[in-house]
Amino acid sequence: MDLRQMEYLVALADEQQFTRAAAVCSVSQSGLSAAIRSLEDELGTTLFARTTRRVEPTDAGLALLPFARAMLAQATAGRDAVVRATNELSGALRVGAEQCLGIVDVPSLLERFRRRYPLVDIHFTQAGSHDLVTQVRDGELDVAFVATTDHLTRVSSTELGRWPVVLLCPPEHPLAASARVDWTDLRDLDFIDFQESWAVRSLNESSCAAQGVGRRVRCTVNDVHTLLDLIHRGLGVALVPQHVAAKPQAAGLVSVQLPQGSMPQWVVSAITGSPVAASAPLLLEILEAELRRPVVDADPRQLQPSA
C-alpha cells in the first residue's frame, strides 16, 4: 500500500463515482481504476461494490478507510514538520474569501503572511461562499473564509464569529421609523439581494420561507457597495449582516431589527480541505493571534471595515 493508493481510496469513498474521484485526484479514470484494482489484488479482497450508478465501499473498504485517512494526515504532518524545521517555507498558498466579511480583514491578513513568509506564492480568489466551499472541497483552494454553515461535511471548519441579520432601508421608507419589525411587515416589499452563490442570499431565502414571507427580489448584485448604493437610491430594501449596516457607505440608511426570537445569524468560518498546504495552518495561526477577544462579543461599529 502506498500514499497514492490511499488518496484514491479516500476520494472514491467520498465521491462514490470513478469519474468524479479521478477529477478530484487529477488523474485519469483508468489510472485510478487500475490503482484500486491493484490495491484489491494486494489485499486479496474487494474494497468497493460497483454498480452502473455508484460505487460504495464494502465492509473491507470501510475498515481500511480510517487508516487511509490517517496515513494521508500523517504524511501531510510530516511535510509540514520538515518545512517548519527548515524555516524556508515556500510553495503555493491558495486562499479564497467572500467580500466584506467584516470579522476577518483578508487583504491585511495576506499582507502579514507575505511579510513573514516571503517565499510562499499566494493566490487569492474572491467569490461567493457556496462557490468557495466547492473549491475547497475539490482541492482547488487550501483555505477559504466563508459565511455559510451549509455543505461543510467534507471540510474542516472553524467558526470565527457571527452577526445577526437586519433590515436595511432608506430613511424615507415606511419601516424606517420602527425599532423592530415583524416578519409580516416584509411581505410585498421590493428587495435587493446578492447572487445565489452568496451564502447570505440562501440565508435570507430560507429565513423568509420559514416565516411564510414571499419576497420580490428586484435587484441582484455581486458587490456590497452596489447593494448599498441601490438602497440609497430607493430601489428597495435588503436583509444584510449587521456589520454591513455599519459600513461608512451605509451612512444615512436605517437599520431595523428583525424579530428577536427568529433573527437569522450570519456565521463566518475559516475552512480547509484535506490534504492542505503546509502554509495554510500558519495563515490561520496569524489570524488567531490577531483576534484578541471573541468576535461574538465585538461591536460591529468598532470594526475596521474590510474592502
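The values are calculated or read from the model by the stated rules, or taken from the named source; none is laboratory data. Just so you know, these numbers come straight off a predicted model, no measurement behind them. We place every Cβ from the backbone using ideal geometry, glycine too, and count neighbours over all the protein chains shown.
Scan the stretch 131-146 and give yes if some residue there is closer than 30 Å to Gly252 by Cα, buried (at least 16 other Cβ atoms within 10 Å of the Cβ) and in contact (Cβ under 8 Å) with a residue 24 or more places away in the chain, otherwise no.
Checked against the condition, which is being closer than 30 Å to Gly252 by Cα, buried (at least 16 other Cβ atoms within 10 Å of the Cβ) and in contact (Cβ under 8 Å) with a residue 24 or more places away in the chain, the stretch 131-146 yields at least one hit.
Just checking, which of Glu98, Glu111, Glu140 is among the charged types (D, E, K, R) and either over 24 Å from the mean Cα position of the chain (by Cα) or under 22 Å from Leu239 (Cβ atoms) (or both)?
Exactly one residue qualifies, and that residue is Glu98.
Consider Thr76 against the criteria (1) within 23 Å of Gln5 (Cα to Cα); (2) at pLDDT below 85; (3) loosely packed, with under 14 Cβ neighbours inside 10 Å: it satisfies all of them except one. Which criterion is unmet?
Among (1) within 23 Å of Gln5 (Cα to Cα); (2) at pLDDT below 85; (3) loosely packed, with under 14 Cβ neighbours inside 10 Å, Thr76 violates only (3).
Restricting attention to the stretch 202-243, which residues are among the hydroxyl-bearing types (Ser, Thr, Tyr) and under 18 Å from Gln260 (Cα atoms)?
Ser206, Ser207
Quick one: in the stretch 163-182, of everything that is surrounded by fewer than 20 Cβ atoms within 10 Å (Cβ to Cβ) and touching a helix residue (DSSP H, G or I) at 6+ places or on another chain (Cβ under 7 Å), which residue is nearest to Gln265 (Cα to Cα)? Lay out the reasoning, then the answer.
Within the stretch 163-182, the first condition is being surrounded by fewer than 20 Cβ atoms within 10 Å (Cβ to Cβ), and the residues that meet it are 164, 170-182.
So of that shortlist, the ones also touching a helix residue (DSSP H, G or I) at 6+ places or on another chain (Cβ under 7 Å) come out as 164, 170, 175, 181.
Working: Pro164: 5, Pro170: 23, Leu175: 21, Val181: 16 Å.
Top of the filtered list is Pro164.
Given the condition at pLDDT 90 or above, crowded, with 17+ Cβ neighbours inside 10 Å and acidic (Asp, Glu), answer yes or no: does some residue in the stretch 102-121 qualify?
No.
Could you please let me know if Ala13 is closer than 18 Å to Asp138 by Cβ, outside the structural domain of Arg154 (by TED's automatic domain parsing) and small (Gly, Ala, Ser)?
So Ala13 fits the description; yes.
Among the residues of the stretch 149-183, what is the count of those that are in contact with a Phe, Trp or Tyr (Cβ under 8 Å, 6 or more places away or on another chain) and of a type in the set (D, E, K, R)?
Qualifying residue count for the region: 1.
Quick one: which strands (runs of 3 or more DSSP E) lie wholly within the stretch 172-247 and hold at least 3 residues that are free of Cβ contacts under 8 Å to residues at least 60 places away in the same chain?
By residue number, 190-194, 216-221.
Any residue that is touching a Lys or Arg at 6+ places or on another chain (Cβ under 9 Å), crowded, with 21+ Cβ neighbours inside 10 Å, more than 30 Å from Asp121 (Cβ to Cβ) and not basic (Lys, Arg) - is there at least one of those in the stretch 247-264?
The answer is yes; a qualifying residue exists.
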